[in-house]
Amino acid sequence: MSAVIKSFMGMFFFILVVFMGIGIVSYQTEVNQAANYQQDVLKELQNSDFSPSVLNACIQTGAKNNYDVRIDVSSSDGGHATYTEHSPASNTAGVVAAYVTVQYKSRLPFLGVESVNSLRGFAR
């Protein structure tokens with residue numbers, strides 16, 4: 001009888017470890033996807049010389065992927081502007097740098113843990 005109980009306990013802990021492992025891998029995948037997206041946004045902004053159409057496209061693509069993208073730009077005359085999904089860019093003449101913030105949700109579904117994380121970076 002004790003062999004049956006030990007076998008079931010072993011199977012239970014094995015299944016627990018498998019689900020925890022899958023959750024951790026899923027969590028890390030979400031983090032990596034957000035980090036890759038943020039790096040892509042930085043490259044696109046730099047390569048387009050902060051074009052308003054590219055800036056707005058990056059924000060809209062982020063919204064489609066459930067990312068909250070915020071781009072703070074600084075111009076050569078010392079001016080600052082912030083662009084989000086609800087306030088798109090119209091004129092980015094003279095912009096010399098951008099501070100990009102990507103917020104995303106990551107989850108560990110098996111444990112019921114959900115957190116909002118941010119990635120930040122500069123484009124010049």
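The values are calculated or read from the model by the stated rules, or taken from the named source; none is laboratory data. Everything quoted here is computed from the prediction, not taken from an experiment. Positions of Cβ are backbone-derived with ideal geometry, glycine not excepted, and every protein chain shown enters the neighbour counts. Areas reflect the complete protein model, heavy atoms only, side chains present, ligands, DNA and RNA absent. Shrake-Rupley method; radii C 1.70, N 1.55, O 1.52, S 1.80 Å.
Our coupling estimate for region 107-120, obtained by passing each phi through the Karplus curve with A = 6.51, B = -1.76, C = 1.60 and θ = phi - 60°, is 9, 10, x, 5, 9, x, 9, 9, 9, 9, 10, 10, 10, 10 Hz, Gly and Pro reported as x.
Taking a straight line from the alpha carbon of LYS64, these lysines sit under 18 Å away, with near neighbours fewer than eight places off in the same chain left out: LYS105.
What FRET efficiency, computed as 1/(1 + (r/R0)^6) with R0 = 30 Å and r the Cβ-Cβ distance, is obtained for ILE22 and ASN66, rounded to the nearest 0.05? Intermediate values should be presented prior to the final figure.
On the way: r = 21 Å, r/R0 = 0.69.
With R0 = 30 Å, the Cβ-Cβ based efficiency is 0.90.
If only the Cβ of Lys and Arg carry +1 and only the Cβ of Asp and Glu carry -1, the dipole of the chain around its Cα centre is close to 460 debye.
Heavy atoms only, probe 1.4 Å: what % of the accessible area of the chain goes to carbon and sulfur, would you let me know?
Working: 4660 of 7990 Å².
With neighbouring chains kept in place, the figure for the chain is 58 percent.
Per residue, the convex hull spanned by the Cα atoms of the chain measures out at 94 cubic angstrom. With protein chains left intact and a 1.4 Å probe, residues in region 36-110 average 55 Å² of accessible area per residue.
For TYR99 and SER51, compute 0.36 nm times the residue count separating them, minus their Cα-Cα distance, and round to one decimal in nm.
On the way: separation 48, 0.36 × 48 = 17.28 nm, distance 1.47 nm.
Separation in residues times 0.36 nm, less the Cα-Cα distance, equals 15.8 nm.
Taking 0.36 nm per intervening residue step and subtracting the Cα-Cα distance, what contour gain separates ALA81 from GLU30 on full extension? Please report the intermediate quantities before stating the final value.
Values: separation 51, 0.36 × 51 = 18.36 nm, distance 2.92 nm.
Result for the pair: 15.4 nm of gain on full extension.
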